[in-house]
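Input: a single structure, listed below in structure tokens.
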């Protein structure tokens, strides 16, 4: 036990070596915890998913600097990861909970008109939408736009007017062939 105390230190009075040893362990522990929480944690960026990154970062840092006892820090992080995984599973299977925790997409533009009440609801304005249109259409021409949404994760997506609606935010989308192109990503 004394060897562990010498390596990792005790309390808030830590040496550089103690903090480096704790950082080394926390790095691999965080990697393990994120693997347990699943790919969704950083892929979807919904409020549920952002919680895990914020909480894990702040709690694990307390273990590195000695602000909290190390083992309780690890146990609480494991609990947060397991709760995230449980909530993620439940939201996949229950729409009502998904709507509460992640919200619904908001239609911002349709029939060549911005929907002002939805822009207000999403806390964005026309100037926030136009860069996305320019990015995916390489044009400011709203005549080419069918719909614009703010997705659950806050991303603004654009569908182009055509025979088939297409999600222009998808980097794998090939506008010429009207289908997913695996060579683009």
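The values are calculated or read from the model by the stated rules, or taken from the named source; none is laboratory data. Predicted, not measured: the structure shown is a model, and the values here were computed from it. Heads up, the Cβs are rebuilt from the backbone with ideal geometry, glycines too, and the neighbour counts pull from every protein chain shown.
Among the residues in region 131-151, are any at pLDDT 85 or above, under 30 Å from residue 32 (Cα atoms) and surrounded by 12 or more Cβ atoms within 10 Å (Cβ to Cβ)?
Yes; the residues of region 131-151 include at least one that is at pLDDT 85 or above, under 30 Å from residue 32 (Cα atoms) and surrounded by 12 or more Cβ atoms within 10 Å (Cβ to Cβ).
Could you list, in sequence order, all residues of region 1-22 that are more than 14 Å from residue 69 (Cα to Cα) and surrounded by 11 or more Cβ atoms within 10 Å (Cβ to Cβ)?
6, 7, 17, 20, 21
Being closer than 24 Å to residue 49 by Cβ and either within 21 Å of the chain's Cα centre (by Cα) or modelled with pLDDT under 90 (or both) is the requirement here; does residue 108 meet it?
Numbers: closer than 24 Å to residue 49 by Cβ: yes; either within 21 Å of the chain's Cα centre (by Cα) or modelled with pLDDT under 90 (or both): no.
In short, no.
Output the residue which, of all residues in region 90-144 that are touching a helix residue (DSSP H, G or I) at 6+ places or on another chain (Cβ under 8 Å), assigned to a helix (DSSP H, G or I) and free of Cβ contacts under 8 Å to residues at least 12 places away in the same chain, is farthest from residue 160 (Cα to Cα).
90
Out of curiosity, is residue 157 closer than 30 Å to residue 85 by Cα and either more than 21 Å from the chain's Cα centre (by Cα) or assigned to a strand (DSSP E or B) (or both)?
So residue 157 fits the description; yes.
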